[in-house]
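The values are calculated or read from the model by the stated rules, or taken from the named source; none is laboratory data. Because the structure is predicted, anything quoted here is derived from the model rather than measured. Cβ coordinates were reconstructed from backbone atoms using ideal geometry, including for glycine residues, and neighbour counts include every protein chain displayed. Note: areas computed on protein heavy atoms with side chains; ligands, DNA, RNA excluded. Shrake-Rupley method; radii C 1.70, N 1.55, O 1.52, S 1.80 Å.
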Amino acid sequence: MSNISKIILGTVQFGCQYGINSVGRPSTSQVAAILQEAQSGGISVLDTSSAYGDAEFVLGEVNASNNFKIVSKFPKAGKSVSETFEKSLRILNTNHLYGYLLHNFEVYQSDPSVWDEFISLQDQGKTDSIGFSLYEPSELDLILKNKVKFNLLQIPYNIFDRQFEPYFARLKDMGVEIHVRSTFLQGLFFKDRNTLPDKLIPLKHNLLELDAYAEHIGLTVGEVALNYNLQNTYIDGVLMGVDNQEQLAQNFKFVCDKKIECDFKIENQKLLKPVNWK
């Protein structure tokens, strides 16, 4: 597998405003152009959720399931897993998903039996893979402790945030496919170092260290961040969200063979979680 084929296109931007540098939602015709660029570039998997505003609807409008494998997610909702899943199939214009993930871990924590519904979907052949979208290692600890059977996991991981790294070898031994998001820390890596929000100023020296490292090896910060994730042999898929076709084309150009070897020490780990930026 070439590194570029590990890229998964995230679609949250297609359905709602997202990210620290977002320029706004693309139109349906722009989404079609983005997907054309993605397919031409070698992307085969899309990541979405019924919690991403109109994202699933937009993907259905452009018949994305004809050309891509789709991973969607079950959010905290008033309906059952099967009802929500079937609605996603209808909206996405398909009868099968590549993967279906539990989006809000507290749903499992409050009622672990909800997982039986995911197993049922997989047993019926309606989805190839089932798993979780997690935020904290403690959530993964609980799943492993409970011996939950899953084969797909999505977690945050980037050159600053490596909290899940100690689990990678074990997950691969279990046959779990690992997808990582937040490769660019929701756009923070591209933010002007001199206009950071007050809350993020403690990360300024780390960002400047990243700048210096990138310059030292002759790459841009974007190239360093993307290739760091793509080059990790434990990682099967690297999520990337874009606002337009040009961004995606630029990100394809980021992919390179230059080895990224660095180890940034982040004192304030809490700031690596965008939920704490507000």
- Query: Identify, please: which residue in region 71-96 is in contact with an Asp or Glu (Cβ under 8 Å, 6 or more places away or on another chain) and aliphatic (A, V, I, L, M) and is, among those, most open to solvent (accessible area, probe 1.4 Å)?
  - Reply: ILE91
- Out of the residues in region 184-230 that are open to solvent by less than 30 Å² (accessible area, probe 1.4 Å) and among the polar types (S, T, N, Q), which is nearest to LYS259 (Cα to Cα)? ASN227
- Query: Only one of (1) at pLDDT 95 or above; (2) surrounded by 18 or more Cβ atoms within 10 Å (Cβ to Cβ); (3) within 15 Å of the chain's Cα centre (by Cα) fails for PHE118. Which number is that?
  - Reply: (3)
- Task: Looking at (1) exposed (fewer than 15 other Cβ atoms within 10 Å of the Cβ); (2) at pLDDT 95 or above, find the lone condition where LYS270 falls short.
- Result: (2)
- Message: Name the single residue that is nearest to ILE143 (Cα to Cα) among those in region 68-82 being assigned to a strand (DSSP E or B) and free of Cβ contacts under 8 Å to residues at least 60 places away in the same chain.
- Response: PHE74
- Filtered residue count, region 121-138, keeping only those that are in contact with a strand residue (DSSP E or B) (Cβ under 8 Å, 6 or more places away or on another chain) and open to solvent by 30 Å² or more (accessible area, probe 1.4 Å): 4
- Message: For the condition under 18 Å from ARG162 (Cα atoms) and among the acidic types (Asp, Glu), what is the one hit in ASP243, ASP236?
- Response: ASP236
- Query: Any idea which of (1) within 18 Å of the chain's Cα centre (by Cα); (2) without any contact (Cβ under 8 Å) to a residue 24 or more places away in the chain; (3) open to solvent by less than 80 Å² (accessible area, probe 1.4 Å) is the one THR233 doesn't satisfy?
  - Reply: (3)
- Qualifying positions in region 165-179 - exposed (fewer than 11 other Cβ atoms within 10 Å of the Cβ) and touching a residue at least 60 places away in the same chain (Cβ under 8 Å): ALA169
- Query: Is there any pair with a first residue in region 124-147 that is touching a residue at least 60 places away in the same chain (Cβ under 8 Å) and a second that is open to solvent by 10 Å² or more (accessible area, probe 1.4 Å) and in a loop (DSSP other than H, G, I, E, B) whose Cβ atoms are under 6 Å apart and which are 6 or more apart or on different chains, and what are they?
  - Reply: SER133/HIS103
- Residue that is surrounded by the fewest Cβ atoms within 10 Å (Cβ to Cβ) [pool: residues in region 139-158 that are touching a helix residue (DSSP H, G or I) at 6+ places or on another chain (Cβ under 7 Å) and more than 16 Å from LYS172 (Cβ to Cβ)]: ASN146
- Flagged pairs (Cβ under 7 angstrom, 6 or more apart or on separate chains; first in region 26-44, farther than 12 Å from VAL242 by Cα; second part of a loop (DSSP other than H, G, I, E, B) and open to solvent by 50 Å² or more (accessible area, probe 1.4 Å)) are GLN39/ASN67
